[in-house]
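Beneath this line is the structure, given in structure tokens, with notes to follow.
Read-outs throughout are calculated quantities, based only on the coordinates presented, and are distinct from any laboratory measurement. No experiment lies behind these values; they were computed from the predicted model shown. Positions of Cβ are generated from backbone atoms using ideal geometry, with glycine treated the same way; all protein chains shown enter the neighbour counts.
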Amino acid sequence: MKLSVPGRVTATAVVAAVSLLAGGSIAGAAPAAEPAVAAAPDIPVANVKAHLTQLQSIATANGGNRAHGRAGYKASLDHVKAKLDAAGYTTAIQQFTASGRIGYNLIADWPGGDTNQVVMAGSHLDSVSSGAGINDNGSGSAAVLETALAVARADYRPTKHLRFAWWGAEELGLVGSRYYVNNLSAANRARISGYLNFDMIGSPNPGYFVYDDDPAIEKTFKDYFAGLGVPTEIETEGDGRSDHAPFKSAGVPVGGLFTGASNTKSAAQAAKWGGTAGQAFDRCYHSSCDTTANINDTALNRNSDALAYAVWELSA
């Protein structure tokens, strides 16, 4: 989640690798259609946490952070890209400049599906310079990565085309995601049927917040949590402060999940969700204590599963 006051950053960018996969059509035989309607898999929270451990190790080895323009960010991106390449994704890197430093977006396309109907899920991969950024936003990045790997393990063949993204320089004012959206043609923007954003989904004193944007996407997330018996609230704390904002401004349907940042959990919220009233949802927000110890496993697990559920439901 970026700083409350966005940095005045102008991104001048060059594309380092842009060719994204154009998927072919799926064979029309009845058995081939079956995977498209298969239920979403359970996302193993242990796998998501293993990715967080890797991001923590990367930060520790690189000055304690994974911030834009620092070695820890590039090492984080290289780690995620290697996992996706090995799983069969077509990956592309966008390179841009912000605050005098080089930044990168990572885009991963899963083969197949109708490329005129693209479902995207994304998260920002950068941390602030003061810490490792494990909840903000290792949590979203790791869950998106594990969902992408689950797609590959299932050899999922949805009707729509799947694309996953990890954004750079979000903490400087949504620079990477804004660059991506601004450099799409009008036709390619129109091909994105939905963008799902995941920024801070493992807060240690969590709430369960759903973005109040596209009604169909919102309903998909609410239905999932209703099935668990977990009440949700509309996300207001970070509205417009994460990477869905450039997509929304461009007319793309958006949605997402959030477990809270520096706002204080109320007594009513603690009564329905547990946790501690009168404390921030994440007391380590943008701080050096945002480490692997700063994660609520239950929230991370539920939100990772909700992410996968939405990807499967919206792309089928």
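Figures for the structure shown
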read-out	value
Surface/4 of the Cα convex hull for region 80-160, nm²	6.1
Length added when fully stretched, R101-A268, from 0.36 nm per residue minus Cα-Cα	55.7 nm
Residue-averaged 222 nm ellipticity for the chain, from DSSP H runs of 4+ at -39500 (n - 2.57), nearest 500	-10500 deg cm²/dmol
Directionally averaged shadow of the chain, computed from the convex hull of its alpha-carbon atoms, nm²	14.6
Listed peptides 128-136, 66-74 by packing density, highest first (mean Cβ within 10 Å)	128-136, 66-74
Amide proton proximity set for F258, modelled H, under 5 Å, gap of 5+	F209
Cα lying deepest toward the dipole's positive end in the chain, options A75, P41, P246, charges on Cβ	A75
Sequence-distant residues sharing a close amide H with G133 (under 5 Å, placed H)	D290
Nonlocal amide H pairs with R157, under 5 Å, H built at 1.01 Å	A36
Most fluctuating residue given options W166, W110, W273, as computed from a GNM of the chain linking Cα atoms under 10 Å	W273
Cα gyration tensor, region 124-208 - rounded (a/c under 1.5), prolate or oblate	oblate
Gain upon complete extension [S288, A61; 0.36 nm per residue less C-alpha separation]	80.3 nm
Prolate/oblate/rounded label for region 215-255 (Cα gyration tensor, a/c 1.5)	oblate
Integer Hz, Karplus 6.51/-1.76/1.60 couplings in order for region 163-174, x for Gly and Pro	9, 10, 9, 10, 9, x, 6, 4, 5, 8, x, 6
Check: the chain dipole with +1 on Lys, Arg Cβ and -1 on Asp, Glu Cβ, in debye	600
A38 paired with A316, simple spin-label distance in nm, labels 7 Å along Cα-to-beta-carbon	1.3
Packing-based ranking, highest mean first, of 295-302, 199-206, 169-176 given that Cβ atoms within 10 Å are counted	199-206, 169-176, 295-302
Separation of the T276 and D223 label points, Cα + 7 Å toward Cβ, nm	3.8
Gaussian network model of the chain, Cα within-10 Å springs - most flexible of G122, G274, G260	G274
Rounded to whole Hz, the Karplus (6.51, -1.76, 1.60) HN-Hα couplings of region 91-107, x for glycine and proline	9, 9, 10, 9, 10, 9, 10, 9, 6, x, 10, 6, x, 9, 9, 10, 10
Amide N of region 108-142 lying under 18 Å from the label point, which is placed 7 angstrom from the Cα of L184 along Cα→Cβ	108-125
